[in-house]
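Below: one structure, written as structure tokens.
The values are calculated or read from the model by the stated rules, or taken from the named source; none is laboratory data. In this text the structure is predicted, and so the values were computed from the model without any measurement. As a convention, Cβ positions derive from the backbone with ideal geometry for all residues, glycine included, and neighbour counts pool all protein chains shown. Please note that ligands, DNA and RNA were not included when accessible areas were found on the heavy atoms of the full protein model with its side chains. Shrake-Rupley method; radii C 1.70, N 1.55, O 1.52, S 1.80 Å.
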Amino acid sequence: HEITINRQDTGYQVHLADGFVSMDRDFELAWQPVPSALPQAAVFTEVVDGETYALAMVMPPQEKGAGPELTREVVFIIDVSGSMSGKSIAQARAALRMAIGTLKREDRFNIIKFSDNATALFSTARLADGAYLQDAGRFIDRLKADGGTEMLPAIQAALRNQPTMARDEMRQVIFITDGSVGNEDKLFQFIHDHLGESRLFTVGIGSAPNSYFMRKAAQFGRGSFTYIGQQSEVQSKMTELFTQLEGPQLRDVTVNWPGTAETYPVTVPDLYSGQPLVITAKLGGPGGALSITGNSAERFWSQSLPLPDQGATPLNYVTGVATLWAREQLGALNDIIIRQGESEPLRRLMIDVALTHRLVSRYTSFVAVDRTPVRPAGEALGKRSVPNALPQSSTILEYPQTATPAVKKFLFGIVSLMLAFQLWWLRRRDLKRTGLHA
């Protein structure tokens, strides 16, 4: 999207240059922090209804430390279902070729494609060298989008029977898809239960990927989400991703809040290149200093940031921090429901949080109220269908969600009806020949 940027004393105003536009793709605002050789942290606060909320952001350095690189086993999962037709499958093939090209000779790799079912290139991971790379190139060239969307078998193939990793090795699963799936909860549960030593990184392809699924899958997989909206972005975005995957900037990140605080995410992930960490909190008790620590490839890193006392004037006041915290809490409660199932206390808590902060959840929705003048008495009501906008560059009207594509289901139904009619006709003919009547 083309934008206009106006700098003001308190920050920036960003507007769409073309005014109102069709919501057929995501709006993405990219920005960069001030260059630094070390990670940098900042904290922002907001007071809502007497409660103080905080957002801590840890930004990675612009240049990685010269620490030792780890040998990797990388498993690529590529979506070739019908919803990936058109530009999406072309972007996916380009992303996969780019990814294979970044592997070192001592790395091991495998490719799993899926639609109605999952198929692996190799029975086990192979060295990224010689004939194996040629096999991968031919495998990628033959990828075509067709069929239904069954993600679970592909994820099972990637996460089950994992090899034991040495201390100088790491296992990464790269999942390239548009996320067109309807059974997210089941997939999240499997990732949570079977992640093991792997880290799951999702790559969203196309103009309208299922961002909820992609982000949550990466969260459960202790990885990150990368979005590729245009084919021209494949090289830059995949280069950023694999620069990130070569090694975390900070490991074992710990965030220590003064007093009592309800924080999200509960488990703080590692800090990777190009992916700032964002931690939200609802503060309680006296103020003090927030301490953030972690281990880089070369040294122990720490930074302290001041926090206001409860009810005092906020520091670095930013509107929306409370909403971000509430959204993270709803996500955490939803994760509990995914693992343990629904319960009345969880339902009540989610409703209270959603209504307080005016958010959509699995139990709450937005309601549109018509403020136009009252319809004249006796005037009949009318109705008409309002078409939904297709995602930009989409070539199909309906996404198949099961292992059998919609077109195949229709043809199968027609054939079944024809066979049933033929059997009925043959039975009726035989009964007439024997003098009986149906």
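Observations
- Boolean, MET214 is at pLDDT 85 or above, surrounded by 15 or more Cβ atoms within 10 Å (Cβ to Cβ) and assigned to a helix (DSSP H, G or I): yes
- Only one of MET165, MET170 that is open to solvent by 10 Å² or more (accessible area, probe 1.4 Å) and either closer than 18 Å to LYS87 by Cα or part of a loop (DSSP other than H, G, I, E, B) (or both): MET165
- Just one of (1) touching a helix residue (DSSP H, G or I) at 6+ places or on another chain (Cβ under 9 Å); (2) on the phi > 0 side of the Ramachandran plot fails for ASP252. It is (1).
- When residues of region 272-281 are limited to those that are crowded, with 19+ Cβ neighbours inside 10 Å and modelled with pLDDT of 85 or more, the one farthest from LYS216 (Cα to Cα): ALA281
- Scanning region 217-229 for residues that are of a type outside the set (Ser, Thr, Tyr) and either under 9 Å from the mean Cα position of the chain (by Cα) or surrounded by fewer than 23 Cβ atoms within 10 Å (Cβ to Cβ) (or both) turns up ALA217, ALA218, GLN219, PHE220, ARG222, PHE225, GLY229.
- Residues in region 1-59 that are of a type in the set (S, T, N, Q) and either under 22 Å from ALA326 (Cα atoms) or open to solvent by less than 90 Å² (accessible area, probe 1.4 Å) (or both): THR4, ASN6, GLN8, GLN13, SER22, SER36, GLN40, THR45, THR52.
- Residue check, ALA95 in a helix (DSSP H, G or I), small (Gly, Ala, Ser) and more than 21 Å from TYR227 (Cβ to Cβ): no
- Matching residues, region 173-206, being at positive phi and either at pLDDT 85 or above or open to solvent by 20 Å² or more (accessible area, probe 1.4 Å) (or both): GLY196
- Residue count for region 121-139, restricted to those that are over 10 Å from ARG108 (Cα atoms), assigned to a loop (DSSP other than H, G, I, E, B) and either open to solvent by less than 60 Å² (accessible area, probe 1.4 Å) or touching a strand residue (DSSP E or B) at 6+ places or on another chain (Cβ under 8 Å) (or both): 2
- The residue pairs whose first member lies in region 45-58 and is over 27 Å from PRO269 (Cβ atoms), whose second member is of a type in the set (Val, Ile, Thr) and open to solvent by 20 Å² or more (accessible area, probe 1.4 Å), and whose beta carbons are closer than 9 Å, counting only pairs six or more residues apart or on different chains, are VAL47/THR313; ASP49/THR356.
- Residue match in region 184-207 (condition: of a type outside the set (Lys, Arg) and touching a Pro at 6+ places or on another chain (Cβ under 8 Å)): yes
- Filtered residues of region 15-41 (kept if over 30 Å from SER296 (Cα atoms) and not acidic (Asp, Glu)): HIS15, LEU16, ALA17, GLY19, PHE20, VAL21, SER22, MET23, ARG25, PHE27
- All positions within region 340-361 that are part of a loop (DSSP other than H, G, I, E, B) and open to solvent by 100 Å² or more (accessible area, probe 1.4 Å): GLU342, ARG358
- Residue in region 68-79 that is open to solvent by less than 90 Å² (accessible area, probe 1.4 Å), touching an Asp or Glu at 6+ places or on another chain (Cβ under 7 Å) and assigned to a loop (DSSP other than H, G, I, E, B) present: yes
- Qualifying residue in region 255-271 (condition: of a type in the set (A, V, I, L, M, F, W, C), outside any loop (DSSP other than H, G, I, E, B), touching a helix residue (DSSP H, G or I) at 6+ places or on another chain (Cβ under 9 Å) and crowded, with 22+ Cβ neighbours inside 10 Å): no
- Subset of region 146-161 [over 21 Å from LEU200 (Cβ atoms) and surrounded by 20 or more Cβ atoms within 10 Å (Cβ to Cβ)]: GLY147, GLY148
- In the set (1) closer than 17 Å to LEU200 by Cα; (2) touching a residue at least 60 places away in the same chain (Cβ under 8 Å); (3) open to solvent by 40 Å² or more (accessible area, probe 1.4 Å), the condition left unmet by LYS113 is number (2).
- Hits in region 111-125 (condition: among the polar types (S, T, N, Q) and within 22 Å of the chain's Cα centre (by Cα)): SER115, ASN117
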